[in-house]
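I have placed the structure first, in the form of structure tokens, so that the comments after it can refer back to it.
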Amino acid sequence: MAIDQEQSVTSHLDELRKRIVWSLIIVVVLFAVAFPLVRPLVRFLQADLKELGIGLNAFNVADPLMLYLNLAFIIAIVLASPFWMYQLWAFVRPGLYDKEQKATLTYIPVIFFLFLAGVAFSYFWLLPFLLKVSTELGKELGIEQVIGVENYFSFLIRLTIPFGLLFQLPVVTMFLTRLGLVTPYFMRKNRKYAYFALFVVAALIAPPDVTSHLMISVPLFVLYEISILISARTYKKVLILEQQAELERQADLMRELNK
């Protein structure tokens, strides 16, 4: 028995190692593919700054090179994420029921598009507002803004990537509700603690002013409320499935007794 268990663990670890290796290989391949995409992406990201009359400056010799490499790496990570998620799903698939396999597989495209939606939301809605507030405030104070390319893109990544991850909250909530780890009652009961946590997250993302903080906090609060509604709907489905399973179990038991 111990030998069988050891072989099973070794087999699982070997499979996990292979999937990790393939995931790393796909990132390296996409990293090379992403190089031609960096230049048009940088031009696109600079467009909003040019409209505000702001130019980007390199304060270090290696700034353009590091920007090129970092953006290529980020593009590769984002493009590879569906492949990663599929590898994770394939690894845990043997331990799932047929219905669970189909349900969890549908999470992969949903998670990917929610991430893109979060990035788009922060870039097209939050970023223009923050840039406008910052430039107008600088003009009122008589401050000429000289923005470093490394500083600007670090701020841009710090704003967009967290929102892409936070937009996964509804899917994570649905998944945890299916597993029975979260209920809508639990989420409502702990709403104030969740709001406080999201408020702290917003403080880490937002510039140090009240307006920007609220611009980021309020969408996160709305996202949490949407997650509660999704949890409630998922929880009802879970209860129905459990009731059906119990009825089937009782029916099987009655058939066994009538034999």
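Hey, among Glu136, Glu150, which residue is part of a helix (DSSP H, G or I) and in contact with an Asp or Glu (Cβ under 8 Å, 6 or more places away or on another chain)?
The conditions single out Glu150.
Looking at (1) open to solvent by less than 40 Å² (accessible area, probe 1.4 Å); (2) modelled with pLDDT under 80, find the lone condition where Lys99 falls short.
That leaves (1) as the condition not met.
Inside segment 43-91, can you point out the residues that are open to solvent by 90 Å² or more (accessible area, probe 1.4 Å), assigned to a helix (DSSP H, G or I) and over 27 Å from Pro128 (Cα atoms)?
Trp84, Tyr86, Leu88
Consider segment 187-212. How many of its residues are within 26 Å of Glu136 (Cβ to Cβ) and either open to solvent by less than 30 Å² (accessible area, probe 1.4 Å) or among the hydroxyl-bearing types (Ser, Thr, Tyr) (or both)?
5
Before we move on, is Ala32 part of a helix (DSSP H, G or I), modelled with pLDDT of 85 or more and either in contact with a helix residue (DSSP H, G or I) (Cβ under 9 Å, 6 or more places away or on another chain) or of a type in the set (Gly, Ala, Ser) (or both)?
Values: part of a helix (DSSP H, G or I): yes; modelled with pLDDT of 85 or more: yes; either in contact with a helix residue (DSSP H, G or I) (Cβ under 9 Å, 6 or more places away or on another chain) or of a type in the set (Gly, Ala, Ser) (or both): yes.
When the stated conditions are applied, Ala32 passes them.
Please tell me if Ile108 is surrounded by 14 or more Cβ atoms within 10 Å (Cβ to Cβ) and either under 30 Å from Thr211 (Cα atoms) or of a type in the set (Asp, Glu) (or both).
Values: surrounded by 14 or more Cβ atoms within 10 Å (Cβ to Cβ): yes; either under 30 Å from Thr211 (Cα atoms) or of a type in the set (Asp, Glu) (or both): no.
No: the conditions fail for Ile108.
Those residues that are open to solvent by less than 40 Å² (accessible area, probe 1.4 Å) and of a type outside the set (Val, Ile, Thr), I need them from segment 132-154; list them, please.
Gly138, Gly148, Tyr152, Phe153
Considering only segment 20-42, how many residues are among the aromatic types (Phe, Trp, Tyr) and crowded, with 16+ Cβ neighbours inside 10 Å?
Counting residues in segment 20-42 that are among the aromatic types (Phe, Trp, Tyr) and crowded, with 16+ Cβ neighbours inside 10 Å gives 1.
Does segment 99-108 contain any residue that is under 24 Å from Ile216 (Cα atoms), part of a helix (DSSP H, G or I) and β-branched (Val, Ile, Thr)?
No, segment 99-108 contains no residue that is under 24 Å from Ile216 (Cα atoms), part of a helix (DSSP H, G or I) and β-branched (Val, Ile, Thr).
The values are calculated or read from the model by the stated rules, or taken from the named source; none is laboratory data. None of these values were measured; they are calculated from a predicted model. Reconstructed Cβ throughout: ideal geometry from the backbone, glycine too, with neighbour counts over all protein chains shown. Quick note on the areas: whole protein, heavy atoms, side chains included, nothing else; ligands and nucleic acids left out. Shrake-Rupley method; radii C 1.70, N 1.55, O 1.52, S 1.80 Å.
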